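The structure appears below as C-alpha cells.
The values are calculated or read from the model by the stated rules, or taken from the named source; none is laboratory data. As the structure is a prediction and not an experimental result, all values here were calculated from the model. Using ideal geometry, Cβ is built from the backbone for each residue, glycine included, and neighbour counts are taken over all protein chains shown.
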C-alpha cells in the first residue's frame, strides 16, 4: 500500500473521529447542520494547511495547525457556539488527528512510534478526565473545559520537551518547535487555571 493511500485513509479516519465527537457533545444544544458544517470546514482547513505547508516549508506541522486555528477562530466568531464547550468537543478529534499523524509517521520513521503511543495515552487521559473531573475536590468550579485544556496542555508540553532532545522525530522541527509548543501549552494551562476559579 502506497504512502499516499495510507495518508488518505488515516485522514478520513481522523475526520470521522473529529466530526463524531463534535456531534456527540454538541448535538443537544445546537443544530446538526451547523455542527457538521463547522467540523467539515475546520478539518478541510487543517488538510489544506498540511498540503500547503508540505509543499512550501519544512515547518509544515505548524503551518497546518496555524491554518486550522485561523479557520476555527473565524468560524467560531460567526457561530453560536460557546468557546469552552466547542473546544471540549473538538479536543478528542484534534488529539486523534495527532495519533493518526504519528501512525503515518511510523511508515516513514520508526521513532514516530514514541509520539504515536504518547498521543494514544493522552487521548485515553482525555476520556478519563472527561468522565471524572467533577469529582476532583480541588477543581471547585466544576466548569466544562477541564479535560480538553489539561489534555491539550499536556500534548503541546510533550512536544516542547521532545523538541529539546537531541533526536529527530517525524513532524518535529527543532528550529522552531519549542516556542510555539510551549506557548500553546501555557495558554491551555492558564485557561485551566482560570476555569478552576469559581
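Mind counting the residues in segment 47-76 that are more than 21 Å from residue 174 (Cβ to Cβ) and either modelled with pLDDT of 90 or more or in contact with a helix residue (DSSP H, G or I) (Cβ under 9 Å, 6 or more places away or on another chain) (or both)?
Looking only at segment 47-76, we keep the residues that are more than 21 Å from residue 174 (Cβ to Cβ), and these are 47-48, 51-52, 55, 67-76.
With the extra rule that they be either modelled with pLDDT of 90 or more or in contact with a helix residue (DSSP H, G or I) (Cβ under 9 Å, 6 or more places away or on another chain) (or both), the set shrinks to 47-48, 51-52, 67-76.
Here the count works out to 14.
If you check 87, 95, which single one turns out to be crowded, with 22+ Cβ neighbours inside 10 Å and either modelled with pLDDT of 95 or more or within 21 Å of residue 15 (Cβ to Cβ) (or both)? Answer to the selection: 95. Checking each residue in segment 155-183 for being within 26 Å of residue 127 (Cα to Cα), modelled with pLDDT of 85 or more and surrounded by fewer than 20 Cβ atoms within 10 Å (Cβ to Cβ) picks out 157, 158, 160, 161, 162, 180, 182, 183.
Just one of the listed residues (68, 81) is in a helix (DSSP H, G or I), crowded, with 20+ Cβ neighbours inside 10 Å and in contact (Cβ under 8 Å) with a residue 24 or more places away in the chain, and it is 68. Assigned to a helix (DSSP H, G or I), under 14 Å from the mean Cα position of the chain (by Cα) and modelled with pLDDT under 95: does that describe residue 7? It is false that residue 7 is assigned to a helix (DSSP H, G or I), under 14 Å from the mean Cα position of the chain (by Cα) and modelled with pLDDT under 95.
Applying the selection to segment 139-198, what residues are assigned to a helix (DSSP H, G or I), closer than 17 Å to residue 117 by Cα and in contact (Cβ under 8 Å) with a residue 60 or more places away in the chain? Residues satisfying the conditions are 151, 152, 155.
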